[in-house]
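The values are calculated or read from the model by the stated rules, or taken from the named source; none is laboratory data. Only a predicted model underlies this, so the values are computations on that prediction, with no experimental measurement involved. Here the Cβ positions follow ideal geometry from the backbone for every residue, glycine too, while neighbour counts run over all protein chains shown. Keep in mind that these areas ignore ligands, DNA and RNA; they rest on the heavy atoms of the full protein, side chains included. Shrake-Rupley method; radii C 1.70, N 1.55, O 1.52, S 1.80 Å.
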Amino acid sequence: MQFFVQRSSLRDLYEKVAAGERISEADALRLFESKDLNAVGAIADLARQRRVGDRASYILNRYINYSNYCILSCQFCAFARKKRDADGFQLSIEQIVEKAREALNLGITELHIVGGLHPSLPFSYYTDLLKALRALDARLQLKCFTAIEVLHLAWLARKSMPETLQELKSAGLDSLTGGGAEIFRKEVRSAIAVGKESAEEYLDVHRTWHRLGGRSTTTMLYGHVESLADRVDHLRQLRELQDETHGFVGFVPLAYQPDNNRLEVTHAPTGFDTLRTLAVSRIYLDNFDHFTAYWVGLGMKLAQVALSYGADDLHGTIVEEHIFHMAGAQSPQLQTEAAMIKAIREAGRVPVQRNTFYEPIKVWDQEATADCPEALAPA
Ligand code: SF4
């Protein structure tokens with residue numbers, strides 16, 4: 001038993017996890033409410049070690065936002081614009097392909113593409129975009145659209161949601177993104193994202209995608225007006241769907257960013273809150289393999305520490321990010337591969353370049369790391 005839990009009031013939960021037992025929602029709330037962060041982290045570290053061992057991953061990817069025009073006005077969002085706004089934008093398929101071509105030269109394996117709920121782009125824009133990117137490089141993995149965007153496209157195209165997903169898949173879609181989950185509980189959802197599709201609708205898109213053979217990630221936007229019990233309720237719904245489909249490849253908690261929006265919450269989650277949220281998620285979501293410390297919202301330093309609190313992934317190089325930065329994120333626009341390898345090695349883990357589905361592409365054992373001197377440089 002780890003030192004941190006020997007005399008902790010959470011010792012019974014450590015023993016439960018060590019015995020391979022599932023914790024309850026009441027247990028998860030106890031963990032969230034505990035001030036004994038080191039003990040919570042020790043339990044999460046045990047769960048992480050058992051599930052994925054000593055490896056920690058990152059991905060070479062590029063973000064592209066095709067447009068920030070959106071018919072909704074979620075209260076927490078700093079990204080969306082209306083057609084009358086001077087800083088609204090919309091990229092043509094050719095512009096997106098050009099960005100993708102440039103990023104391929106950097107060695108990316110994934111494009112991560114999302115946008116607002118555009119009022120008028122035809123469904124063919126989205127399918128033609130996927131086909132054009134697929135034609136650019138058949139190996140490039142296309143992780144595109146939130147469940148909320150899928151529902152919007154279905155509505156615009158007057159197609160059923162399953163039919164919409166099937167057509168996107170046929171056009172080249174590899175994975176859905178996890179965005180749009182926010183917090184599932186209805187009262188919170190309407191306080192931060194009025195008019196947005198419900199939790200049931202979000203979950204049903206992922207359920208349908210998984211039944212079509214697809215895989216996806218999922219998220220939780222934390223640190224605004226929700227209670228700790230709301231977070232547990234959110235995790236409960238994700239664990240139930242994962243029991244049903246086993247289609248989620250990873251969980252990405254998203255730290256709320258406070259600037260340029262209409263919510264009266266003026267601070268981002270603290271480091272304490274971020275570490276406990278990742279840790280409790282790792283312990284409670286015992287049917288998920290991978291937990292991402294999203295450096296864009298956390299900063300690389302805290303993301304690195306999160307590797308000792310249940311996380312086993314640092315996300316990606318990204319190159320160009322709008323959504324978090326328009327909301328006040330102070331992190332850089334990109335990370336180099338060497339910086340991520342270094343952060344992972346320093347935390348005592350084996351760095352792994354992964355693909356969209358968290359499958360290993362390259363394992364940076366000692367021998368391989370010698371090929372990347374930057375990754376060995378002192379901090
Ligand atoms: S969060 Fe998404 S759906 Fe909501 S306003 Fe922003 S872009 Fe639109």
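Element breakdown for segment 1-107 at a 1.4 angstrom probe: carbon and sulfur atoms account for 48% of the accessible area. Mind telling me which of G115, G223, G88 comes out most flexible in a GNM of the chain, alpha-carbon contacts under 10 Å? Taking springs between Cα atoms under 10 Å, the residue moving most is G88. Rounded to whole numbers, the Karplus 3J(HN,Hα) couplings from phi for segment 163-175 are 5, 4, 4, 5, 5, 5, 5, 5, 7, x, 5, 9, 8 Hz, using 6.51 cos²θ - 1.76 cosθ + 1.60 with θ = phi - 60°, and x at Gly and Pro.
With contacts defined as alpha carbon pairs under 8 Å and 6 or more residues apart, what's the relative contact order of the chain in percent? All intermediate terms of the calculation are to be shown ahead of the outcome.
Details: 705 pairs, mean separation 81.2, N = 379.
Relative contact order of the chain: 21 percent.
For the chain, the longest principal axis of the Cα atoms and the long axis of helix 123-136 meet at an angle of about 70 degrees. A 1.4 Å probe, protein heavy atoms only, puts the accessible area of H246 near 120 Å². Take 265-275, 349-359, 77-87 and order them by the average number of nearby Cβ atoms within 10 Å per residue, most first; the result is 349-359, 265-275, 77-87. State to the nearest 20 debye the size of the charge dipole of segment 56-376 about its Cα centre, where the only charges are +1 on K and R beta carbons and -1 on D and E beta carbons. With only Lys, Arg, Asp and Glu charged at Cβ, the dipole is about 440 debye. The H on the amide N of V350, modeled in the peptide plane, is under 5 Å from the matching H of R55, A56, each at least 5 residues off or on a different chain.
Once the Cα atoms are used to define both axes, helix 271-284 deviates from the longest principal axis of the chain by about 90 degrees. What shape does segment 56-376 take by its C-alpha gyration tensor, where a ≥ b ≥ c are the square roots of the eigenvalues and a/c under 1.5 counts as rounded, a/b above b/c as prolate, and the rest as oblate? Verdict is rounded for segment 56-376. For segment 202-212, 3J(HN,Hα) computed residue by residue from phi via the Karplus equation (6.51, -1.76, 1.60; θ = phi - 60°) reads 4, 5, 5, 4, 5, 4, 5, 4, 5, 5, 7 Hz, glycine and proline entered as x.
Once you have a ≥ b ≥ c as the square roots of the Cα gyration tensor eigenvalues for segment 214-364, tell me rounded if a/c is under 1.5, and otherwise prolate or oblate according to whether a/b is larger than b/c.
Details: a/c = 1.63, a/b = 1.08, b/c = 1.50.
Oblate is the answer for segment 214-364, as a/c is 1.5 or above yet b/c matches or exceeds a/b.
Listed cross-link partners K99/K159; K16/K186; K83/K196; K131/K159; K143/K196 are compared with a 24 Å cut-off, the Cα-Cα value being larger for K99/K159; K16/K186.
Close amide H pairs (under 5 Å, H built 1.01 Å from N) link L72 with L117, residues at least 5 positions away or on another chain.
Hey, with R₀ at 25 Å, roughly what FRET efficiency would R139 and R51 work out to, going by the Cβ-Cβ distance, to 0.05? Once rounded, the FRET efficiency stands at 0.35.
How large is the accessible surface per residue of the chain, computed with a 1.4 Å probe and reported in Å² as a whole number?
Values: 15320 Å² over 379 residues.
Accessible surface, normalised per residue, equals 40 Å².
Among the GluC sites (Glu not before Pro) within segment 309-348, those in coil by DSSP and having at most 16 neighbouring Cβ atoms inside 10 Å are E320.
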